[in-house]
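Input: a single structure, listed below in structure tokens.
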Amino acid sequence: TSFNKTRVRAIFHETWSKKHREYAIGSLYNTYKKGAYRNPVIYQSIQNHFPVLYGIGKEGISKRAPKERHAKALQLKAYLMFFEQHLANHLSQLGHINEFFNIDFEKGKKQTYFSQKIQSIPKIELLEKESDPSYIQSILEDATVFYDRKHRIFNHLLARFGERFDDIPWQVALQCNLIKTEDDFHEVVLRKKSEFLLQIETLNYQSHKGASFVIEDPTVSNTITYSGLEHLLSIKTGIPIRGNRSSLIPDFSGLRRRAPLSKERPIKDTDSKKKYRALHVNEIEKNYEGELPSIKVWDMDFKTVFTEALHYENYKISTASEEHDTIEIIFRKEKDLWISVLECDSEEEAIRNIHIIVAYFRKLNTASEGLYLVDHILLRDFLENTAYGFSFVDEDSHSLLQTIEEESWCISEKERNKRIKQLYSAGIDKETYEFKDNAFHLKHIKKNIVIASHNRVNGDSEIDVDTLFEKTKSINRLFDPSHTESGRLRLQELEKIRLHGISTNYNQRKRQRRLIFQRKMANGTIIDEDFFNLNMTILLPDWPARFQDQRFNTYLNDLIRERVPTHISTTIVWLDRHQMKAFEKLYLPWEKLKSEEVVSEKPSEKLKSAALELYKKVRELRQINYK
């Protein structure tokens with residue numbers, strides 16, 4: 001084969017020179033030029049650059065000029081001032097660009113438009129009218145404009161990080177009267193957006209950080225650092241982190257001070273319209289403070305009280321016919337039924353007490369909001385010194401094969417893996433199946449029992465050895481990594497689940513066949529290890545007003561699904577106050593013990609016991625939630 005040597009040599013030298021060529025850099029590149037700072041806010045009037053003929057510069061107009069000439073000059077000066085004010089405001093906006101994009105809402109100025117008073121216009125005092133700068137700013141930007149622009153600025157900055165901030169949780173709070181006014185709503189949302197921006201670097205860095213029990217300050221006992229998910233949920237929903245709160249169940253003593261339920265006098269809706277009146281708008285807008293009055297116990301659904309007691313339209317006061325009459329406060333117990341809750345000496349006292357009661361329930365709602373995030377892997381302490389086993393579950397969620405015989409349990413994870421490999425070889429030989437004691441036993445070549453299957457696998461229907469053999473052989477081919485067709489069979493398994501999953505009848509849907517690792521405790525209790533692996537449970541109270549709103553629940557559920565890594569299974573459980581009390585009774589002692597023993601190599605018996613009890617409770621609550 002012939003080639004052009006000259007052409008090849010030229011290409012080689014050109015490539016080499018591009019890689020190794022050097023350039024002479026003069027002294028110009030070794031010195032740094034210092035710039036002169038110019039304040040962009042400073043504005044110099046263009047009227048100083050007009051020819052003297054116009055008479056609007058520093059020179060002005062001769063005093064001997066006619067009054068008409070002076071008037072025309074002032075008219076031109078006033079006309080130019082409109083445009084100059086725009087130019088000056090533009091420079092002021094540019095000079096405050098750092099304040100415009102300031103993400104610290106608490107410390108920043110409450111404005112997004114910036115203006116300035118023009119000082120450089122010659123003889124401006126002839127046209128200028130004294131005015132309050134704050135008044136001018138209010139004309140330029142009122143509260144509605146400010147909130148709208150500040151929201152868009154924060155949204156823009158969040159979008160640069162691929163984030164968005166929905167205000168649904170606070171819309172729900174406004175609707176529930178947990179937030180008083182629209183302005184308060186905007187203030188709260190802007191503060192949360194600011195908090196998100198200020199912490200966005202930390203939140204992104206710790207987004208997948210789990211719950212930690214590291215004691216950071218040796219002088220403070222039980223210092224717990226919470227997971228990145230909890231911090232994110234707190235900012236994006238307003239749910240406070242528990243912190244040092246010992247319980248999410250607040251003190252309800254204020255509701256248990258007066259007459260028993262038998263003395264409550266029901267009032268029909270028709271009577272309430274004749275003898276009672278609702279609060280006027282100007283009465284609702286007032287702010288009152290004081291101690292909670294001794295109100296009666298309300299024989300109502302607990303969750304209903306938490307929502308309905310927040311709304312002023314559910315309260316009425318009686319109209320006094322005589323000056324010495326007492327004023328009665330009634331509350332809407334049901335749609336057409338009212339109950340008396342308090343008697344006052346005057347209308348003013350009644351109105352004040354209604355405000356105090358509403359504020360009290362706002363406080364109760366806030367105190368009740370919170371969540372518990374239980375990372376299941378942290379509960380594994382009680383599994384120490386337990387036997388190892390495994391179970392195969394078929395597509396109907398029935399245990400097909402399971403370690404049930406005492407000799408089949410292993411003392412280590414390594415031995416269990418070896419036992420599974422023995423199943424892969426023994427399960428394909430029909431001669432290894434033996435029926436004894438109402439169960440099928442699969443034995444290895446050394447005649448030891450590898451695994452067993454109960455005679456009744458699917459409830460009432462008995463299983464014969466042929467059916468068991470075919471099912472076991474199918475599972476072996478599916479799970480045995482050494483099998484040549486295991487990859488194809490797994491794809492078929494997923495396709496089968498997908499096709500059956502679209503069935504409208506939930507009970508007819510097929511599920512994934514699974515290999516479940518199990519542990520056996522000293523008392524014979526068998527624990528599934530998959531409960532601890534890549535699983536967590538989030539538990540929330542169901543009685544706060546926001547938590548009862550379907551929009552809030554849907555938003556929170558979507559947010560959790562969006563932020564939790566796909567490989568981690570998350571269950572959200574809503575607890576009533578009795579369930580929450582029972583859960584906290586077990587969780588809080590376990591949390592204290594876990595934080596104290598975080599650096600210890602072996603868990604204490606107390607911690608093991610606490611972890612076991614908490615495991616049982618979480619498992620129970622999850623099952624209730626599934627129902």
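The values are calculated or read from the model by the stated rules, or taken from the named source; none is laboratory data. Keep in mind it's a predicted model, so treat the numbers as computed, not measured. Virtual Cβ from ideal backbone geometry, glycine too; neighbours counted across all protein chains shown. These area figures cover heavy atoms from the full protein model, side chains too; ligands, DNA and RNA do not enter into them. Shrake-Rupley method; radii C 1.70, N 1.55, O 1.52, S 1.80 Å.
Taking the Cα centre of the chain as the origin and placing charges on Cβ (Lys, Arg +1; Asp, Glu -1), which of 32, 411, 449 is farthest toward the positive end of the dipole?
With unit charges placed on the Cβ atoms, the residue in question is 32.
Pull up the DSSP beta bridges for the chain and report the antiparallel fraction as a percent, rounded to 5.
85 percent
Below 8 Å between Cα atoms, with a sequence gap of 6+, how large is the relative contact order for the chain in percent?
11 percent
Simple spin-label model, 7 Å along Cα-to-Cβ: residue 42 to residue 334 in nm?
7.8 nm
Where does each of 574, 590 land when they are ordered by accessible area, with a 1.4 Å probe and the largest first?
574, 590
Mind pulling the angle between the C-alpha long axis of helix 465-479 and the longest principal axis of the chain? Nearest 10 degrees, somewhere in 0 to 90.
40 degrees
Stokes-Einstein diffusion coefficient for the chain at 37 °C in a medium of 0.692 mPa s, Rh from the Kirkwood formula over Cα pairs: what value in µm²/s?
100 µm²/s
Which value, in debye to the nearest 20, describes the size of the charge dipole of region 576-627 about its Cα centre when Lys and Arg Cβ atoms bear +1, Asp and Glu Cβ atoms bear -1, and nothing else is charged?
Its charge dipole is roughly 280 debye.
Using the beta-carbon distance between residue 484 and residue 571 and R0 = 30 Å, what value does 1/(1 + (r/R0)^6) give for FRET efficiency, to the nearest 0.05?
Calculated value: 0.20.
For the chain, report the accessible area per residue in Å² (1.4 Å probe, heavy atoms, rounded to an integer).
Per residue, the chain has 60 Å² of solvent-accessible surface.
Calculate for the chain the 222 nm mean residue ellipticity that helices alone would give, adding -39,500 (n - 2.57) per DSSP H run of length 4 or more and normalising by residue count, nearest 500 deg cm²/dmol.
Counting only the DSSP helices, I get -13000 deg cm²/dmol.
If I compute solvent accessible area with a 1.4 Å probe over the protein chains, what percent of it on the chain is carbon and sulfur?
52 percent
Give me the extension gain from residue 244 to residue 399: residue separation times 0.36 nm, minus the current Cα-Cα distance, reported in nm with one decimal.
Here the answer is 51.4 nm.
Quick check: residue separation of residue 50 and residue 585 times 0.36 nm, minus the Cα distance between them. What number comes out in nm?
Length gained, residue 50 through residue 585: 184.3 nm.
Tell me, what ³J(HN,Hα) does each residue in region 78-86 have, in order and in whole Hz, if you take phi through Karplus 6.51 cos²θ - 1.76 cosθ + 1.60 with θ = phi - 60° and put x for Gly and Pro?
Working through the residues one at a time gives 5, 4, 5, 5, 4, 6, 5, 4, 5 Hz.
Please enumerate, by chain and number, the lysines with C-alpha under 23 Å from the C-alpha of residue 592, excluding those fewer than 8 residues away in the same chain.
Residue 592 reaches 209, 581, 602, 606, 608, 616, 617.
Compute, for the chain, the length of the dipole vector about the Cα centre, with Cβ point charges of +1 (Lys, Arg) and -1 (Asp, Glu) only. Units Debye, rounded to 20.
2980 debye
Which lysines does residue 335 reach when only Cα atoms under 18 Å apart count, and residues fewer than 8 places away in its own chain are ignored?
Reachable lysines: 268, 273, 274, 275, 303, 316.
Can you tell me how much longer the chain between residue 145 and residue 129 gets when fully stretched, taken as 0.36 nm per residue apart minus their C-alpha distance, in nm with one decimal?
3.2 nm
With each label point set 7 Å from Cα along the Cα-Cβ vector, what nm distance links residue 466 and residue 377?
4.7 nm
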